[in-house]
1. Can you order the peptides B:347-360, B:238-251, B:78-91 by their average number of other Cβ atoms within 10 Å per residue, highest first?
2. Using a 1.4 Å probe and counting only protein heavy atoms, arrange A:176, B:280 so the residue with the most accessible area comes first.
3. ³J(HN,Hα) across the range B:212-224 via Karplus (A = 6.51, B = -1.76, C = 1.60, θ = phi - 60°), whole Hz, x for Gly/Pro?
4. Counting only other chains, what is the mean number of Cβ atoms within 10 angstrom of the Cβ of each residue in peptide B:294-300?
5. Place the label 7 angstrom along Cα→C-beta at residue A:374 and in each other copy, then list the distances from the first to the rest in nm, shortest first.
6. Take the alpha carbon gyration tensor of the range B:84-135, find the square roots of its eigenvalues, order them as a ≥ b ≥ c, and report rounded if a/c is under 1.5; if not, report prolate when a/b exceeds b/c, else oblate.
7. Counting only heavy atoms of protein chains, what accessible area per residue, in Å², does the protein assembly as shown have with a probe of 1.4 Å?
8. Could you pull out every residue, at least 5 positions away or on a different chain, whose amide H is within less than 5 Å of the one on residue A:116? Hs are placed 1.01 Å off N in the peptide plane, and Pro or chain starts have none.
Protein chains: 2
Amino acid sequence: MADLPKTGLQLRSLLKGSGELELSLADVPTPQPAADEVLVRVEASPINPSDLGLLLGPADLSTLKAGGGKVTAKVPERFLPAQAARLDQPLPVGNEGAGVVIAAGADPAAQALMGRTVAVLGGAMYAQHRIAKAADVLPMHPGVTAREGASCFVNPLTALGMVGAMRREGHTALVHTAAASNLGQMLVKICLADGVPLVNIVRSDAQAKILRDIGATHVVDSSTPDFQQALTEALAETGATIAFDAIGGGRLASQILGGMEASLVRKATGGFSRYGSTTHKQVYIYGGLDTGPTELVRSYGMAWGLGGWLLTYFIQQIGPAEAQKLRQRVADEIKTTFASHYTAEISLSEALRPEVIAAYNKKSTGEKYLINPAKG
Amino acid sequence: MADLPKTGLQLRSLLKGSGELELSLADVPTPQPAADEVLVRVEASPINPSDLGLLLGPADLSTLKAGGGKVTAKVPERFLPAQAARLDQPLPVGNEGAGVVIAAGADPAAQALMGRTVAVLGGAMYAQHRIAKAADVLPMHPGVTAREGASCFVNPLTALGMVGAMRREGHTALVHTAAASNLGQMLVKICLADGVPLVNIVRSDAQAKILRDIGATHVVDSSTPDFQQALTEALAETGATIAFDAIGGGRLASQILGGMEASLVRKATGGFSRYGSTTHKQVYIYGGLDTGPTELVRSYGMAWGLGGWLLTYFIQQIGPAEAQKLRQRVADEIKTTFASHYTAEISLSEALRPEVIAAYNKKSTGEKYLINPAKG
């Protein structure tokens, strides 16, 4: 391992008690893998919405200022109490990525990975080097590049997790919002392959077209005046009683619950119940594209639930064996079902430029940035 | 059974397709009990908030008009679609009540109830006579009056159900809102007896006093400026991570989830997680004192849930044997833990007077009306 670089860059996010957020690149010593570990030269790591929370925190991006190899922004004081646990600690960022194994511990399982392109989950991927347990990395099939394998976990497992949660909780069809996203497109492909009816909610005609072009049957546009009616129709046709919502704020979750109830009441054959349909209707909020309050107009009886949904909790529920099956499916279908598209590939230093931050923070549907730490 | 009255009055609520709500008293033939049934002369039936939905529907009470032995009111047209299933059917009303068994079928179990005061659940209690399965009625201990036994089910079983749901879902302490209600006072007594920490949320100092006087330890007043802070303190002291909310509308549910999260984050020893505490926080809405939208300011990570909660669904979950234990506890403690207090006792005809309707529809905490159909 004499040829390994002695150090490598690592992006860090520091939120100071004073209310200043500082992003910087630290030059850290290259770690040596233990017997059961490998050292990965990271070549591709996406900026997911779930990365932005740690990277930028609740910073006011209109105050972004670059200088001295760093970029800073102010965090309004009212947001600081909720951030108490991270104050004054420089935190590495980057949930997932892929790269090439350039050093390996003595264990055969680690040695077997030398030179392989692998995908890694677990933070600190916005860095040139990353140590990982050999057992934790997901080896790519030959011919798969780091760029192609960069997004093996967050979106693919979340999409598979939604279908899994749907089944575990006894539903037979599901609803997805912000459905034209990378994740949403994966979900369309999974549901087509598995024969699961899916209601896609999008916010524009262009997004609807993207989904129809890849075979989506039920696409409802929330920007149209007859949205609630079209949604109720789609819910009645599919029988969907569980939804995964990436928006979070506003009335969309409530409209979905209302539509489910209306479609259930319409089918009901029993007498009138003032508690509404007895079929449980569930919406899980898994994202926060709209960070404003969620507003529930409670008109769907008593058999309903709303809650947060996090992939990590789902993986814990299903256990390691089931989780490994999902991971392997991702590796097997990374060029098809789970293919990701990127708007731009940037270096670590570019990720600290105010105008680039403004761009990748927009979270526009279909736009996604990829960091390539090998570019410096 | 020759001495039985041939007919008896029954209150009915009819919502016409035209948008007119009509309450009337029907004179119905006295039913004859089958072998396994008893005939109860109803002497006491409370007007619970859960009865008002069926009784008055979404009627505009400013349009109440009495005449011809009936009372009518207009239902605004926008509310009619949700009421489709009940339109143009005269529906009997009254979830629960108590009275004396005046006729019984041939089965020994039915015969054994002759002359006994029994409590009955299941609708149509705003009537002079009610048929019930002998196995379904709850016999009162000697010396318990119909008035004392009138509210054996809705409030007592709901309060017991809350503690049961808390245990089933793995929590060790709970929160209750509108806590000075009849139900809330029962819950205080149950929690004291069972050693379950309880956080009571009330809306005035007078209500706080009511609860402190019966031994409540944690009472928080949502009308005070330091409510959120006091609530978080109480949540930290009790470790409550489940709440039952009778209000429904506004931000109270969200404040409770926020307080739970703040108290959990404070105790957390691990590192910072941008997904918040991993402990599941749950609020169940079981009432709708505020029918306005529920507003969630999502600042409690991803491990949270909100949903409707209905006693019926809980009873189905626990099964008949467990449910019978709860019923027997109610019968055993009907003069103590489960004692109800009534503002006024009215006849069936009085229940149709506009000024009386306005009074019992107010749903003020601590105010409750009792219908005594034996009064006519």
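1. Highest-to-lowest ranking by the protection proxy: B:238-251, B:347-360, B:78-91.
2. Result, largest first: B:280, A:176.
3. Once θ is set to phi - 60°, the couplings for the range B:212-224 become 5, 5, 9, x, 5, 8, 9, 10, 10, 9, 6, 8, 8 Hz.
4. 6
5. Label-point distances to the other copies, shortest first: 9.0 nm.
6. Judged from the Cα gyration tensor, the range B:84-135 comes out prolate (a/c at least 1.5, a/b above b/c).
7. So the protein assembly as shown comes to 41 Å² accessible per residue, rounded to a whole number.
8. HN-HN under 5 Å from residue A:116: A:101.
The values are calculated or read from the model by the stated rules, or taken from the named source; none is laboratory data. As the structure is a prediction and not an experimental result, all values here were calculated from the model. For neighbour counting, all protein chains shown are included, and Cβ atoms are generated from backbone atoms with ideal geometry for every residue, glycine included. Side chains are part of the model used for accessible areas, which takes the heavy atoms of the whole protein and leaves out ligands, DNA and RNA. Shrake-Rupley method; radii C 1.70, N 1.55, O 1.52, S 1.80 Å.
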